[in-house]
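The structure appears below as structure tokens.
Read the figures in this text as sums done on the coordinates, not as results from a lab. Everything numeric in this text was worked out from a predicted model, so none of it was measured. Note that we place each Cβ from the backbone using ideal geometry, even for glycine, and neighbour counts take in every protein chain shown.
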Amino acid sequence: DAALEQVWAAFHDRHRAEYGHAFTASPIEIVTVKVRGIGEVEKLGEPSAYTGAAEAVEIGRGRCVFRVGDVLQTCDTPYLDRTTLPVGQELRGPAILLQTDTTTVVPPGWTYGADRFGNVRMTRDDV
């Protein structure tokens with residue numbers, strides 16, 4: 001408890017120095033704690049290979065509007081399951097890549113594909 005009291009006192013001192021006041025009667029909420037550690041760990045192995053599929057699985061299709069240069073274009077756009085992109089195959093946008101934690105928009109004029117680790121690589125065609 002004495003160590004915790006020191007932490008609270010240091011917090012209030014720092015708050016007073018920074019803002020000119022401290023609310024010593026108010027409770028303190030710890031929002032973020034950062035910890036740094038040093039030690040030996042086993043060497044990381046090669047990540048498991050991403051297999052994808054023979055062909056990207058289309059889970060829908062829709063009309064999407066893209067800015068191409070200075071012009072808005074409406075394109076018939078496939079919605080693809082991102083986890084099914086074939087390894088090493090280059091596909092051309094437009095496309096919407098859907099997965100549980102994110103959505104990737106591939107505009108017209110871009111080429112995309114998955115590498116052996118499942119990373120999506122996108123390249124603008126005119127570069």
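Miscellaneous remarks
- Total formal charge among the other residues, if their Cβ is under 12 angstrom from that of C75, Lys/Arg +1 and Asp/Glu -1: +3
- For region 25-127, applying the loop criterion from DSSP together with a ceiling of 15 other beta carbons within 10 Å to the GluC sites (Glu not before Pro) yields E29, E40, E42, E55, E90.
- Of all DSSP beta bridges confined to the chain, the antiparallel ones make up roughly 85%.
- For the chain, the mean residue ellipticity at 222 nm estimated from helices alone is -5000 deg cm²/dmol, where every DSSP H run of n ≥ 4 contributes -39500 (n - 2.57) and the total is divided by all residues, rounded to the nearest 500.
- Within region 1-85, trypsin sites (Lys or Arg not before Pro) in DSSP loop having at most 16 other beta-carbon neighbours inside 10 Å: K34, R36, K43
- Region 58-124 - share of DSSP beta bridges that are antiparallel (%, nearest 5): 85 percent
- Put simply, the amide H of I59, placed in the peptide plane, has neighbours under 5 Å in Y79, L80, D81, leaving out anything fewer than 5 places away on its chain.
- Sorted by Cβ density within 10 Å, fewest first, the residues D126, D115: D126, D115
- With 5 Å bins beginning at zero, the pair-distance distribution over Cα atoms of region 1-57 amounts to 4, 11, 13, 14, 8, 6, 6, 6, 8, 7, 6, 7, 3 %.
- Residues T104, T123, sorted so that the one with the fewest Cβ neighbours within 10 Å comes first: T123, T104
- Residue order, fewest to most surrounding Cβ atoms within 10 angstrom, among Y19, Y112: Y19, Y112
- With the convex hull of the Cα atoms taken as the outline of the chain, the averaged projected area works out to 16.2 nm².
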